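Asker: I'd like to ask some things about the structure below.
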There are 2 protein chains.
Amino acid sequence: MRIGELATETDVNIQTLRYYERRGLLTPPDRSASGYRAYGPDAVQRVRFVRRAQELGFTLQEIGDLLMLWKDSVRSCHAVEGRARAALTRINTKITDLKRMRSALGKYLVACEQRPALDECPLLRLLGGPGEDPS
Amino acid sequence: MRIGELATETDVNIQTLRYYERRGLLTPPDRSASGYRAYGPDAVQRVRFVRRAQELGFTLQEIGDLLMLWKDSVRSCHAVEGRARAALTRINTKITDLKRMRSALGKYLVACEQRPALDECPLLRLLGGPGEDPS
DNA sequence: ATAAACCCTGTACTATGGTACAGAGTCAAG
DNA sequence: CTTGACTCTGTACCATAGTACAGGGTTTAT
């Protein structure tokens with residue numbers, strides 16, 4: 001299997017596959033006599049692993065760690081759990097931040113909709129104004 | 001007021017202030033005879049506006065737009081509302097994505113904790129496994 | 001008058017996750 | 001046997017939001 005087929009199969013850009021290899025996420029495959037990458041069928045599995053892990057919120061760095069840990073699979077469960085917990089914490093933090101943003105922004109939008117006066121934008125006012133207008 | 005004082009006052013890095021100026025978020029201030037930026041007191045207000053807007057989830061691009069719109073403040077309320085709505089939509093999308101990640105990851109972690117068997121990590125198993133490494 | 005502290009521009013680098021392009025070599029079909 | 005599709009490496013570039021540094025000039029206090 002050459003890189004183009006792997007790309008089609010996994011729906012991942014060729015450049016991205018080579019990028020993953022550089023990042024250490026894909027094991028450098030055997031090469032044909034002319035230097036073409038020759039992937040075994042496992043490669044598809046591996047690429048999908050990477051994409052699934054990304055969907056779970058792991059960074060490429062963490063995914064690399066995960067793959068390292070996979071090598072001594074039996075003893076690494078604890079370490080993997082740690083990574084997952086770190087990802088979860090990060091996700092929770094982001095959700096909290098975003099919710100805070102959302103509620104603040106939501107308030108401003110309500111003010112905008114109610115249009116208490118016609119002459120100024122409540123959103124800009126509530127932001128304090130960029131300088132000409134002391135809030 | 002020179003740039004260092006503005007930086008201290010707003011708790012924003014000097015480099016960042018110059019970056020904001022390049023991005024068009026800060027009006028280029030007057031210069032002293034020797035070329036030093038000389039800010040008026042409004043500059044503090046302006047920098048704080050930028051930071052507050054960032055906290056609401058606006059990108060620097062959008063903040064730039066907001067500042068443009070501010071110029072014709074009366075007629076721009078609608079346009080501002082549009083930006084805010086875009087930011088809100090983006091925030092909601094992110095929250096949804098993150099919640100999906102969190103619930104998936106949470107399931108795996110539960111499996112990890114319950115440790116149904118001692119010999120393999122459920123998290124890696126549930127990810128499908130990275131493919132047996134031929135190395 | 002000299003040293004510390006400050007400021008200037010321009011450029012390059014950080015992290016994150018890729019994408020694009022140049023210029024060369026290789027493979028398969030007509 | 002040539003054309004088109006594919007692949008190779010290396011390098012540069014995209015967005016985002018900055019940060020750092022080199023190599024100068026300026027201001028201020030002693």
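Asker: Which value, in Å² rounded to 10, gives the accessible area of B:HIS78 with a 1.4 Å probe and all protein chains present?
Answerer: B:HIS78 exposes around 130 Å² with every protein chain in place.
Asker: With no other cysteine's Cβ closer than 4.7 Å, which Cys residues of chain B count as lacking a disulfide-compatible partner?
Answerer: For chain B, the answer is B:CYS112, because their Cβ atoms have no other cysteine Cβ under 4.7 Å.
Asker: List the lysines whose Cα lies under 28 Å from the Cα of B:LYS99, skipping any in the same chain that are fewer than 8 positions away.
Answerer: Here the lysines satisfying the reach criterion relative to B:LYS99 are A:LYS94, A:LYS99, A:LYS107, B:LYS107.
Asker: Enumerate the aspartates and glutamates that A:LYS71 could reach by cross-link, defined here as Cα to Cα under 19 Å, with residues fewer than 8 away along the same chain left out.
Answerer: Cross-link targets: A:GLU21, A:ASP42, A:GLU62, A:GLU81, B:ASP119, B:GLU120, B:GLU132, B:ASP133.
Asker: Could you tell me which of rounded, prolate or oblate describes region B:6-122, using a ≥ b ≥ c as the square roots of the eigenvalues of the alpha-carbon gyration tensor, with rounded for a/c under 1.5 and, failing that, prolate when a/b is larger than b/c and oblate otherwise?
Answerer: Oblate is the answer for region B:6-122, as a/c is 1.5 or above yet b/c matches or exceeds a/b.
Asker: Let me ask something else. Between the helical axis of B:42-55 and the dominant principal axis of chain B, each derived from Cα atoms, what acute angle in degrees is found, rounded to the nearest 10?
Answerer: In chain B, helix B:42-55 runs at an angle near 20 degrees to the longest axis.
Asker: Between A:LEU98, A:LEU88, A:LEU123, where does the largest GNM mean-square fluctuation fall for chain A, given springs only between Cα atoms within less than 10 Å?
Answerer: The residue with the greatest mean-square fluctuation here is A:LEU123.
Asker: Under 1.5 on a/c is rounded, so check that first for the protein assembly as shown, then, if it is not, pick prolate when a/b is larger than b/c and oblate when it is not; a ≥ b ≥ c are the square roots of the alpha carbon gyration tensor eigenvalues.
Answerer: Taking the square roots of the gyration eigenvalues as a ≥ b ≥ c, the protein assembly as shown is prolate.
Asker: Sticking with this structure for a sec: A:GLN15 to A:GLN54: extension gain in nm, 0.36 nm per residue of separation minus the Cα-Cα distance?
Answerer: The span from A:GLN15 to A:GLN54 would gain 12.3 nm if fully extended.
Asker: A further question follows. Give me the dipole magnitude in Debye, nearest 20, for region A:1-124 about the Cα centre, with unit charges on the beta carbon: positive for Lys and Arg, negative for Asp and Glu.
Answerer: 260 debye
Asker: Hey, what did chain B get for relative contact order, percent, Cα under 8 Å, at least 6 apart?
Answerer: Relative contact order for chain B comes out at 15 percent.
Asker: Out of the total accessible area of chain B (probe 1.4 Å, heavy atoms of protein only), what percent is carbon and sulfur?
Answerer: Carbon with sulfur: 50 percent of the solvent-accessible area.
Asker: Return the long-range amide H neighbours of B:LEU26 (sequence gap of 5 or more, or a different chain), with a cut-off of under 5 Å between placed amide H atoms.
Answerer: Correct list: B:GLU21.
Asker: Related question: Is it possible to state the helix-based mean residue ellipticity at 222 nm for chain A, with each DSSP H run of 4+ residues giving -39500 (n - 2.57), the sum divided by total residues, to the nearest 500 deg cm²/dmol? What is it?
Answerer: -22000 deg cm²/dmol
Asker: Then there's this: Tell me the relative contact order for region A:1-57 as a rounded percent, counting alpha carbon contacts under 8 Å between residues six or more apart.
Answerer: 37 percent
Asker: Here is a further query. Rg and Dmax of region A:1-57, Cα atoms, in Å?
Answerer: For region A:1-57, the Cα-based Rg and Dmax read 10.9, 39 Å.
The values are calculated or read from the model by the stated rules, or taken from the named source; none is laboratory data. On a predicted model such as this, the values are computed, not experimentally measured, just so you know. Glycine gets a Cβ as well: all are built from the backbone with ideal geometry, and neighbour counts include every protein chain shown. Just so you know, the surface numbers come from the protein's heavy atoms only, side chains and all, with ligands and any DNA or RNA stripped out. Shrake-Rupley method; radii C 1.70, N 1.55, O 1.52, S 1.80 Å.
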